[in-house]
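Asks: Right, I'll just put the structure down here and ask away after.
The values are calculated or read from the model by the stated rules, or taken from the named source; none is laboratory data. What you are looking at is a predicted structure, and each value in this text was computed from that prediction instead of being measured. Note that we place each Cβ from the backbone using ideal geometry, even for glycine, and neighbour counts take in every protein chain shown.
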Amino acid sequence: MLVVSNTSPLCYLIIVGYDELLAKLFGEILIPTGVAQELADPGAPFVVRRWMAQPPVWLRIVHLQSLPDTELISSLDSGECEAIHLSIEIKADFLLMDERKGRSMAQARGIPLLGALGILGTSYQRALIDQPLKILEDMRQRGFRVSSDLVAKFETLLRTQYAR
């Protein structure tokens, strides 16, 4: 399975100590150099920078084979732009992305998406975690932004679609 990640899902899972869920769910995660740079940026949380200094074996940094299109470059930050473009280049099975504008542009290009909530829901369904709402609350306390409406929908999905 080919899975590309943008910065946000990786960052927040690292911050709350659940980054290994990605390896358990997908095996290997690919990130473009723009995402690697964002994760290693001096402005990134220390725990994330430390993680990137010695990334796990399941993370692979990939260089783009061509330049992203002008719309991506002009509309998104480099990590989102490169993550979408890499997903197209390698025909990824999933792109892990949370940001609304980036998700909209990825969907317009036919890229299958999964965000942090989908990762938590799938992990819960597969019995890799027991308290996805507690993890989500920990992420929110550390800066992860998600609307109350989306949290309510997620709670419903946990009882229905992700039910064990």
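Asks: Can you list the strands (runs of 3 or more DSSP E) found entirely within region 1-95 that contain at least 3 residues being within 25 Å of residue 132 (Cβ to Cβ)?
Replies: Of the strands (runs of 3 or more DSSP E) lying wholly inside region 1-95, those with at least 3 residues that are within 25 Å of residue 132 (Cβ to Cβ) span 3-5, 29-32.
Asks: Given the structure, is residue 102 small (Gly, Ala, Ser) and in a helix (DSSP H, G or I)?
Replies: When the stated conditions are applied, residue 102 passes them.
Asks: Please work out if residue 59 is among the hydrophobic types (A, V, I, L, M, F, W, C), out of contact with any Asp or Glu (no Cβ under 7 Å at 6 or more places or on another chain) and loosely packed, with under 15 Cβ neighbours inside 10 Å.
Replies: no
Asks: Can you find, within region 106-157, the residue that is surrounded by the fewest Cβ atoms within 10 Å (Cβ to Cβ) among those that are in contact (Cβ under 8 Å) with a residue 24 or more places away in the chain and over 27 Å from residue 87 (Cβ atoms)?
Replies: 127
Asks: Give me a count of the residues in region 60-83 that are closer than 25 Å to residue 118 by Cα, of a type in the set (A, V, I, L, M) and without any contact (Cβ under 8 Å) to a residue 60 or more places away in the chain.
Replies: 4
Asks: Could I ask something else about it? Can you pull out the residues in region 124-138 that are within 17 Å of residue 153 (Cα to Cα) and part of a helix (DSSP H, G or I)?
Replies: Those that are within 17 Å of residue 153 (Cα to Cα) and part of a helix (DSSP H, G or I): 124, 125, 132, 133, 134, 135, 136, 137.
Asks: Yes or no: region 28-41 includes at least one residue that is loosely packed, with under 15 Cβ neighbours inside 10 Å and outside the structural domain of residue 143 (by TED's automatic domain parsing).
Replies: Scanning region 28-41 turns up at least one residue that is loosely packed, with under 15 Cβ neighbours inside 10 Å and outside the structural domain of residue 143 (by TED's automatic domain parsing).
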